[in-house]
Amino acid sequence: MSLADLPLHDMQRAASLDALCGIVAERHARGEATVLLAGGTDWVVEQELKPPRGDADPRPLVVDVSCMAELRGITATRGLLRIGAAATYLEIRRHPTVIERAPMLAAMARELGAIQIQARGTLGGNLATASPAADGVAALAAYDASIVVKSVRGERRIPFSALQTGYKQSTRAPDEVIVAVEIALPPEGSPWLWRKVGTRRAQAISKVALAGIAVRSEDRVVRLGLGMASVAPITATLLQTRALVLSRPLSAITADALDAAVLSDIAPIDDVRSTREYRKHAAKAVVRGFLRDLGAPV
Amino acid sequence: MKITLTLNGLSREVDLPPLVRLLDALRGPLGLPGTKEGCGEGECGSCTVLLDGEPVNACLVSIGQCEGRAVTTVEGLSAPHLGPLARCFVDHGGAQCGICTPGMLISAEALLARRPDPSDEEIREAIAGNLCRCTGYQRIVDSIREAARERREAGGAA
């Protein structure tokens, strides 16, 4: 389907989340695709790259979820931040609780796209598109967030560590709707970093982006979350790097050991935005920067 | 599909396939060609309009998604005459070839509605999604700063 085919599509809204799950399930059972459209910042652009639709090609149904109340809203209760899948990045960066208790998430949302994209883009959309270059998903990786999904079979939570299985592949079933993300809030004042390396500050897809959140106790990091965009087929969670940092006092972490751990955690490629070698260099540099902020001699 | 939206303060109904881009609906059947198409893929900001008060790229919004919502285009800022914000762009050299100007005006309007006294950095952030190939941006920043000052002096009415 090309852009010219867009008017051929049907679009509807669902009366409720349950009704939406029903539509998706019924169509999936018949082998028909359903597109859940939120901000359209990926999907609409993708249509431009596709060849015109043949008469015999299946026509996906588009369901507009951008205004669905059950997928929106940002709430915090008992240390758990819940962000609706269709809440926009603009809503995220302006939300007082996010600014106060999840400042890294607010910083990420502020640097994602430009305001026009922030006003439309959503975490749910980035999770569904499942690009390893998505800034928002890197932030969720660092928070070790849970993804709340729902289908006619019920609701479940997918831990971030169990979400991604390969390039744009995930453990979410085709009939599961992304409802929200949940973040267990770190203690107030926890050190964090959002560092995006791109061509310019706005409207740049990251060459490398690092999301970091740490809990420190004297000379040790006792909890560490890391997420890195654009350095592997999936959002990198930098498990070797996390293990290294947690295994010894900050003062005993060396730059060489840290660099080696980072390189073992990533598998960057050459593409239109950057090169494999530059991404390796930048990945090491941004992780060193975060650890230096935390007090490691790197 | 019949879609009812509030367009520049007036209730309008259009009957269009729901995935027609808001940009095409505005420039075609809705008769408002002030919104320009630049890149058509959400990069350049030429087609910026306000959707419920927030700036969005009209090339990425489907008309069906506008059901029940309020859209403001550049015509809504100035009709029937040049508004004070646009006048500042004229006076301070903020417009040259003009393709980016409607989008710049909308992004500036969205900023000034929230921040009556923005810093230059806030102005630059607000227009970071609007590409201009003529001015080098400084004159646009000057225009918006001046519009903010005039608006404050007029008690927010300008």
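The values are calculated or read from the model by the stated rules, or taken from the named source; none is laboratory data. Remember, predicted model here, so these are calculated numbers, not experimental data. Glycine gets a Cβ as well: all are built from the backbone with ideal geometry, and neighbour counts include every protein chain shown.
Give region A:195-204 a look and list any residue that's part of a loop (DSSP other than H, G, I, E, B) and buried (at least 20 other Cβ atoms within 10 Å of the Cβ), or say none. Give the derivation first.
Narrowing region A:195-204 to residues part of a loop (DSSP other than H, G, I, E, B): A:198-204.
Passing the criteria: A:Ala202, A:Gln203.
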Exactly one condition in (1) facing another protein chain (nearest Cβ under 10 Å); (2) under 16 Å from the mean Cα position of the chain (by Cα) is false for B:Pro17; which is it? (2)
Go through (1) surrounded by fewer than 21 Cβ atoms within 10 Å (Cβ to Cβ); (2) in contact with a strand residue (DSSP E or B) (Cβ under 7 Å, 6 or more places away or on another chain); (3) farther than 21 Å from A:Trp43 by Cα one by one and return the number of the condition A:Arg172 breaks. (3)
Going through region A:104-142 in order, the residues found to be assigned to a loop (DSSP other than H, G, I, E, B), out of contact with any Leu (no Cβ under 9 Å at 6 or more places or on another chain), buried (at least 24 other Cβ atoms within 10 Å of the Cβ) and not small (Gly, Ala, Ser) are A:Leu112
Looking at B:Ile140, B:Ile106, which is the one that is more than 18 Å from B:Thr6 (Cβ to Cβ) and β-branched (Val, Ile, Thr)? B:Ile140
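For every residue, the table says whether it meets (1) on the phi > 0 side of the Ramachandran plot; (2) surrounded by fewer than 19 Cβ atoms within 10 Å (Cβ to Cβ); (3) more than 9 Å from chain A (Cβ to nearest Cβ); (4) not β-branched (Val, Ile, Thr).
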position	(1), (2), (3), (4)
B:Ala25	no, no, yes, yes
B:Thr35	no, no, yes, no
B:Glu41	no, yes, no, yes
B:Val61	no, no, no, no
B:Ala110	no, no, no, yes
Can you tell me how many residues in region A:239-296 are more than 19 Å from A:Glu218 (Cβ to Cβ), among the β-branched types (Val, Ile, Thr) and surrounded by 17 or more Cβ atoms within 10 Å (Cβ to Cβ)? 5
State whether one or more residues within region B:104-113 are assigned by TED's automatic domain parsing to the domain that holds B:Ala147 and not hydrophobic (A, V, I, L, M, F, W, C). yes
Checking the conditions here, which among B:Gly31, B:Gly40 is modelled with pLDDT of 95 or more and either of a type outside the set (Lys, Arg) or under 14 Å from the mean Cα position of the chain (by Cα) (or both)? B:Gly31
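Being touching a residue at least 60 places away in the same chain (Cβ under 8 Å), more than 19 Å from A:Arg120 (Cβ to Cβ) and in contact with a strand residue (DSSP E or B) (Cβ under 9 Å, 6 or more places away or on another chain) is true for just one of B:Gly103, B:Gly76. Which residue is that? Steps first, please.
Details: B:Gly103 fails: more than 19 Å from A:Arg120 (Cβ to Cβ).
None of the other options fit; the residue is B:Gly76.
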Looking only at region B:123-144, which residues are surrounded by 15 or more Cβ atoms within 10 Å (Cβ to Cβ), part of a helix (DSSP H, G or I) and out of contact with any Asp or Glu (no Cβ under 7 Å at 6 or more places or on another chain)? B:Ile123, B:Arg124, B:Glu125, B:Ala126, B:Arg139, B:Ile140, B:Asp142, B:Ser143, B:Ile144
Filtered residues of region A:82-103 (kept if in contact (Cβ under 8 Å) with a residue 60 or more places away in the chain and surrounded by 23 or more Cβ atoms within 10 Å (Cβ to Cβ)): A:Ile83, A:Gly84, A:Ala85, A:Ala102
Give the residues of region A:8-29 that are in contact with a strand residue (DSSP E or B) (Cβ under 9 Å, 6 or more places away or on another chain) and within 14 Å of another protein chain (Cβ to nearest Cβ), sorted by residue number. A:His9, A:Asp10, A:Met11, A:Gln12, A:Arg13, A:Ala14
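Residues are listed down the side, and each one gets a yes or a no for (1) part of a helix (DSSP H, G or I); (2) within 14 Å of chain B (Cβ to nearest Cβ):
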residue: A:Gly31; (1), (2): no, no
residue: A:Val35; (1), (2): no, yes
residue: A:Gly40; (1), (2): no, yes
residue: A:Glu48; (1), (2): yes, yes
residue: A:Val62; (1), (2): no, yes
residue: A:Thr75; (1), (2): no, no
residue: A:Ile83; (1), (2): no, no
residue: A:Ala86; (1), (2): no, yes
residue: A:Ile99; (1), (2): yes, no
Failed criterion for A:Ala33 (all others in (1) touching a strand residue (DSSP E or B) at 6+ places or on another chain (Cβ under 8 Å); (2) crowded, with 17+ Cβ neighbours inside 10 Å hold): (2)
